[in-house]
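This report refers to the structure that appears directly beneath it.
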Amino acid sequence: MNFHEVRFPANLSFGSIGGPERRTDIVTLVNGFEERNSPWAHARRRYDAGVGMRSLDDIETLIAFFEARQGQVYGFRWKDWSDFKSSRASAEPRYDDQVIAVGDGVETAFPLVKTYRSGTVSYARPISKPVLGTVRIGLDQDEMKEAVDYEVDVTTGLVRFEAPPPVGVQISAGFEFDVPVRFDTDRIQTSVASFRAGDVPNVPVVEVRV
């Protein structure tokens, strides 16, 4: 996988626009009713950081980052300022934010997930790029200790326990996370507006499956 474990400068992604994209196939029947189906199990996110450019230093930083990724060749981490942690936006992540699994007394490895709920419907989003040092894990109501009770692979989002969690025990997690993305263009166009400011109108990036 052509992926660099480096984050796009967070100060440049702040102010960007974007969000989740779904793909839906819609067939209209002769009676006017519709049949709708999605070939995607998970949404794909798109962003544009062009609105985040403010200074010539920002543009220099962007160009260096773009060149190091060789355009679209290498993926990288992206901080989605509207959705980057397991808790609510106004709170700090806690070890009991998200229930990620239930112990069976055998399995020791569990992937991180974030669950979105609306009414009685929920969607579990896989989290593959947690932020180093932010992951907290709990078993029922007890918080575990990293490097003692468990380890986290921040390149895959996999939590591995030293011993299998007991049968029926809820495994919970709290964390910050990045989105794995790549540039969605092989060209960056810049414009110098003054001696201290410039403009990059379009910096599209798109989520990649990892």
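The values are calculated or read from the model by the stated rules, or taken from the named source; none is laboratory data. The structure presented is a predicted model; accordingly, all values stated were derived computationally and were not measured. We place every Cβ from the backbone using ideal geometry, glycine too, and count neighbours over all the protein chains shown. These area figures cover heavy atoms from the full protein model, side chains too; ligands, DNA and RNA do not enter into them. Shrake-Rupley method; radii C 1.70, N 1.55, O 1.52, S 1.80 Å.
Which net charge results for the neighbourhood of VAL6, defined as the other residues with beta-carbon distances under 14 angstrom from its beta-carbon, given Lys and Arg at +1 and Asp and Glu at -1? It would help to have the intermediate numbers written out before the result.
Details: positive: ARG7, ARG69, ARG77, LYS79, LYS129, ARG182; negative: GLU5, GLU67, ASP178.
Once all neighbours under 14 Å are counted, the net charge is +3.
Using a cut-off of 16 Å between alpha-carbon atoms, which lysines can reach LYS79, once sequence neighbours fewer than 8 places away in the same chain are excluded?
Answer for LYS79, where 16 Å is the Cα cut-off: LYS114, LYS129, listed by chain and number.
Using a Cα-Cα cut-off of under 12 Å, which aspartates and glutamates could be cross-linked to LYS145, ignoring same-chain neighbours fewer than 8 residues away?
In chain and number order, the partners are GLU162.
Which aspartates and glutamates, if any, have their Cα less than 12 Å from the Cα of LYS85, not counting same-chain residues under 8 positions apart?
Here the aspartates and glutamates satisfying the reach criterion relative to LYS85 are ASP97, GLU176, ASP178.
Take the alpha carbon atoms of segment 95-110, find their center, do the same for segment 145-203, and report the distance between the two centers in whole angstrom.
20
For segment 78-167, which whole-number percentage of the solvent-accessible area (1.4 Å probe, protein heavy atoms only) is attributable to carbon and sulfur atoms?
Exposed carbon and sulfur together represent 52 percent of the surface.
For a quick check, take a GNM of the chain with Cα springs below 10 Å and name the residue from GLY71, GLY138, GLY119 with the largest mean-square fluctuation.
GLY119
Go ahead and set up a Gaussian network model of the chain, Cα springs under 10 Å, then flag whichever of SER13, SER122, SER191 fluctuates most.
SER122
In nm, give the distance between the simple-model label positions of ALA109 and GLN70, each being 7 Å from the Cα along the Cα-to-Cβ direction.
A separation of 2.8 nm, rounded to one decimal place.
How many percent of DSSP beta bridges within the chain run antiparallel, rounded to 5?
Within the chain, antiparallel bridges account for around 95 percent of the total.
Choose one of ILE100, ILE63, LEU29: the residue whose Cα lies farthest towards the positive end of the charge dipole of the chain (beta-carbon charges +1 Lys, Arg; -1 Asp, Glu; about the Cα centre).
Looking along the dipole axis, the top candidate is LEU29.
How far, in nm, would the chain grow between ALA43 and VAL167 when pulled straight, counting 0.36 nm per residue and subtracting the alpha carbon separation?
Using 0.36 nm per residue and subtracting the Cα-Cα distance, I get 41.4 nm.
Nearest 20 debye, what's the magnitude of the dipole of segment 1-146 about its Cα centre given +1 on Lys and Arg Cβ and -1 on Asp and Glu Cβ?
Numbers: 20 positive and 21 negative charges, 58 e Å.
Rounded to the nearest 20 debye, it is 280 debye.
Quick check: residue separation of GLU21 and LYS145 times 0.36 nm, minus the Cα distance between them. What number comes out in nm?
Value of the extension gain: 41.0 nm.
Rounded to the nearest 10 degrees, what's the angle between the helix 56-68 long axis and the longest principal axis of the chain, both from Cα atoms, 0 to 90?
Its long axis makes an angle of about 60 degrees.
What net charge is computed for the residues neighbouring ARG182, neighbours being all others with C-beta under 10 Å from the C-beta of ARG182, Lys and Arg scored +1, Asp and Glu -1?
Overall, the nearby charge balance is -1.
With an 8 Å Cα cut-off and a minimum separation of 6 or more residues, compute the relative contact order for segment 43-195 in percent.
Once divided by the residue count of segment 43-195, the mean separation gives 33 percent.
Can you give the accessible area per residue of the chain, in Å², using a 1.4 Å probe?
Heavy-atom accessible area per residue stands at 57 Å².
Rank SER122, VAL200, TYR74 by how far each Cα sits towards the positive end of the charge dipole of the chain (+1 on Lys, Arg Cβ; -1 on Asp, Glu Cβ) and give me just the farthest.
VAL200
Taking the Cα centre of segment 152-203 as the origin and placing charges on Cβ (Lys, Arg +1; Asp, Glu -1), which of PRO166, PRO180, VAL154 is farthest toward the positive end of the dipole?
Highest projection toward the positive end goes to PRO180.
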